[in-house]
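Working notes, structure below.
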Amino acid sequence: MMKKKWNGYLIAGCIITGIIILWILIGRFYTPYPPTKMSSAKLQGPSPAHLFGTDKFGRDIFSRVMQGSGTTLLIAALTILIGSGAGIIIGAITGYFGGMVDEVLMRFNDALTAFPSILLALVIISILGPGKYNVIIALGIVFIPSYARMMRTAFAAQRDVNYIISARLMGASSLRILLIHMLPNTLHVLLPALTIGFNNAVLAEASMSFLGIGVTPPDVSMGYMLSEAQGMFRSAPWYALSVGGVIALLVFGVSLIGEGMQRMNEEVD
Amino acid sequence: MADSILDTITTMTGLGADPAAEAVTEAQRQLVLEVNLVSGGYRTPGLFGKGKYQQVLYDVDFNIRHGEIMGLVGESGTGKSTLARMILGMLEPEEGSIVHYTKRPQIIFQDPYSSLNPAYTVEWSLEEPLRVFGKYDEAERKRRVRDMLAKVELPQEVLSAKPSELSGGQRQRVSIAAALIRRPRFIIADEPVSALDVTIQAQILQLLRDLREELDLSYLFISHDLNVVYQLCDRVLVMKKGRIVEQGTVDEVYDHPKEEYTKQLLAAAQ
C-alpha cells in the first residue's frame, strides 16, 4: 500500500482556491474604491482604472465583487459547517447505536429529503424572513440530511469491525469511540463531500439572492449582484460576466480539490 | 472503571467469611473461568415486539484452569465465536451463568487487517488501552508500550508505522501486544493464526506459548485446525451445533475419541 501523495488536481485546486480566498480576504480590509461609492464614470468598460468596469451608478465593479464574494464565502462556509456538523452528529448516533433512535431520526431525514431543497429553503426563509444569517440557517438545515445519511453509512460500516470491538472491550466510552476511534476513518468520504457541499452552498446562495429571497442591502453577495447585473446586461455586460466568472472560478477551484482528494484515496486503496 | 467493577465482583465471590466457603475459594483460585450450563443466541430486534430469536448455544458447560490453554474446535457456524462474544460480555446468555475469576478478558482476532485502527500508528494503538485505563502518566505509558513491543519481539521502529505498512504477521504481533498491554490474565484467541502463512503460524504459536509463561496467562484458543490445537493446547472442547460433545485433555481426545463427530473431525485433519 502506498503513502498518500499529492496529485495535480489537488495542487491546481489549492492554488486557484487559495488565490481567490486571499483576494476575498483582502477585500474585507481594502478595496480600490469604496464598493458603494457612486461616481460620474458610469457604465465604463474594463480599463486599468476599473478592472471590471463600472455599473450604471458609476460604482467600481471590481471592488463590489471583492466585497460581495466575501459575503458569499461566509454564507457557504457557515452553511456547510451547520449542515456537516449536525449531519456528523446525527450520522454518528444513528450509525453507531442503531435501533429506535436510528429509525426515528432517519425517517425524519427521509421526510426532509423528500422536499426539493430550494423549496425547503424558501419555506424556512418565509418563516424567518430574509437576511444574511437567515439564509445561513435555511441553507444549513437544507444541507443536513445528505451529510447525515452519508455519515451514518460511514459510522455503521465500522460498528462491528474488530478494532471497534476491541475499543469497547478496553472500556472506552461511546463518545471516545465515536470521536477518536471512528471519526478519522470517515474523513476520506467526509472531506470530498465538504467540497461538493461548499460548491452547492455557493450556488444555492446565488440562486436565492438572485430570486430576491437571500441577502438584503446593505449586504451584497454574488447572487445579489447577479440579479443587479441582470438589469444592466445590455448596458454593462461586464458586470454579469465578472461576477459569474468569479463564482465559476471559485467553484472550479474547490471542485478540483474534491476531485484531487478522491483520486488520492483511490490511489491509496 | 469496568475493570475495577469486575475486580470487585471477583473479590466478593472469591472471599467468604466461613471456613467452608474458603475451601471452595482455594479450588476456585485455580480457575480463571467457569461457564455453567449456558444457552443463548441472537435476537434480531424488531420494530414491534421482541423480534426473532435464533438459539446458537445449548447447555455449554466447562471451566478453564489457571495457566491452561483450552482449545475449542468445531466446524464453522457451530457457535464458537458466539461463545467467545458471550464470555467477553458482548452478549448475554439466556440461561446459565459465566463467572470470571480474573480481570476482564481480552481478545485476539483472526483477521489482523481489521483488528488495528487504520487511522493511527502502532504506538497510538498500543497506548490507547492505557490512556482509557487512565492510571498511568505519559512516560509510564510509553515505557509499558516499549516493554510490550519487546515481549512480542517487534523492533521499536514499527511504533511509528501505520497498520497498512506492516505484514500480516507483524500486525498479529501488534494485536497481541494491544490485547496484553493492560496485563489481562485470560485471553480469548479467535482463530489467531488461520489467516497467516504456515511459517508465520508457527512463530505466532511459539510466541503465544512463551507469553503464557512470561505473563502467567490462560487462553481459550478457538480454531478449526485440529493440528494447531494439538500443538498448542492442554485440553480441548469439541463443539457441534452449539453443544460441547466431547471434552478432555488433548491426548485423551486425540488418541481415544469417544464421539463419532470427533473421529470425523480427526480423520478430516489427517
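Any read-out appearing in this document is the output of simple, stated calculations on the displayed coordinates, not a laboratory observation. Fair warning: this is a prediction, and the values are worked out from it, not measured in the lab. All Cβ positions, glycine included, derive from the backbone under ideal geometry; neighbour counts span all protein chains shown.
Eigen-decomposition of the gyration tensor built on the alpha-carbon atoms of chain A gives equivalent ellipsoid semi-axes of 41, 22, 13 angstrom, largest listed first. Between A:ILE19 and A:LEU241, the FRET efficiency from the beta-carbon distance, with R0 = 25 Å, is close to 0.85. Report, for the protein assembly as shown, the % of DSSP beta bridges that are antiparallel, rounded to 5. Bridges in the protein assembly as shown that DSSP calls antiparallel: roughly 55 percent. For A:LEU183, neighbours were defined as the other residues whose beta-carbon sits under 14 Å from its Cβ, and their charges (Lys and Arg +1, Asp and Glu -1) total +3. Computed as a quarter of the hull surface, the mean projected area of the alpha carbon convex hull for the stretch A:10-154 stands at 11.9 nm². In chain A the longest region clear of chymotrypsin sites (Phe, Trp or Tyr not before Pro) that are loop-assigned by DSSP and have at most 14 other C-beta atoms within 10 Å covers A:58-232.
Taking the helices alone, chain B has a mean residue ellipticity at 222 nm of -12500 deg cm²/dmol, built from -39,500 (n - 2.57) per DSSP H run of at least 4 residues and averaged over all its residues.
In square nanometres, what is one fourth of the surface area of the convex hull spanned by the alpha carbons of the stretch A:63-221? Please list the in-between numbers first.
Working: hull surface 40.5 nm².
So the Cα hull casts an average projection of 10.1 nm².
First check a/c for the stretch B:153-270, with a ≥ b ≥ c the square roots of the eigenvalues of its C-alpha gyration tensor; if it is under 1.5, answer rounded, and if not, answer prolate when a/b is larger than b/c or oblate otherwise. Note, shape of the stretch B:153-270 comes out prolate.
When the Gaussian network model of chain B links Cα atoms closer than 10 Å, the mean-square fluctuations of B:SER160, B:SER175, B:SER218 top out at B:SER160. Looking at the stretch A:6-102, the trypsin sites (Lys or Arg not before Pro) that sit in a DSSP loop and have at most 16 other Cβ atoms within 10 Å of their own Cβ are A:LYS37, A:LYS42, A:LYS56.
Convex hull volume per residue, computed on the Cα atoms of the protein assembly as shown, equals 204 Å³.
Using the Kirkwood radius over C-alpha pairs as Rh, can you work out the diffusion coefficient of the stretch B:131-195 via Stokes-Einstein at 4 °C, viscosity 1.567 mPa s, in µm² per second? All intermediate terms of the calculation are to be shown ahead of the outcome.
Values: Rh = 12.9 Å.
Roughly 100 µm²/s, to the nearest whole number.
Taking Lys and Arg as +1 and Asp and Glu as -1, the other residues whose beta-carbon sits under 14 Å from that of A:ASP110 total +1. Bridging of B:LYS103 to aspartates and glutamates at a Cα separation below 14 Å is possible for B:ASP3, B:ASP7, B:GLU34, B:ASP216, once same-chain residues fewer than 8 apart are set aside. Which residues make up the longest stretch of chain B clear of trypsin sites (Lys or Arg not before Pro) that lie in a DSSP loop with no more than 12 other Cβ atoms within 10 Å, not counting the sites? Answer from the scan: B:136-270.
What is chain B by shape, rounded, prolate or oblate, if you read a ≥ b ≥ c off the alpha carbon gyration tensor as root eigenvalues and call it rounded for a/c under 1.5, prolate for a/b larger than b/c, and oblate otherwise?
Values: a/c = 1.44, a/b = 1.20, b/c = 1.20.
Here chain B falls in the rounded category.
Here's the picture: charge each Lys and Arg Cβ at +1 and each Asp and Glu Cβ at -1 in the protein assembly as shown, and of A:LEU43, A:ALA229, A:VAL123 the one pushed furthest to the positive end of that dipole is A:LEU43.
Charge tally around A:LEU139: other residues with Cβ under 12 Å, Lys/Arg +1 each, Asp/Glu -1 each, net 0.
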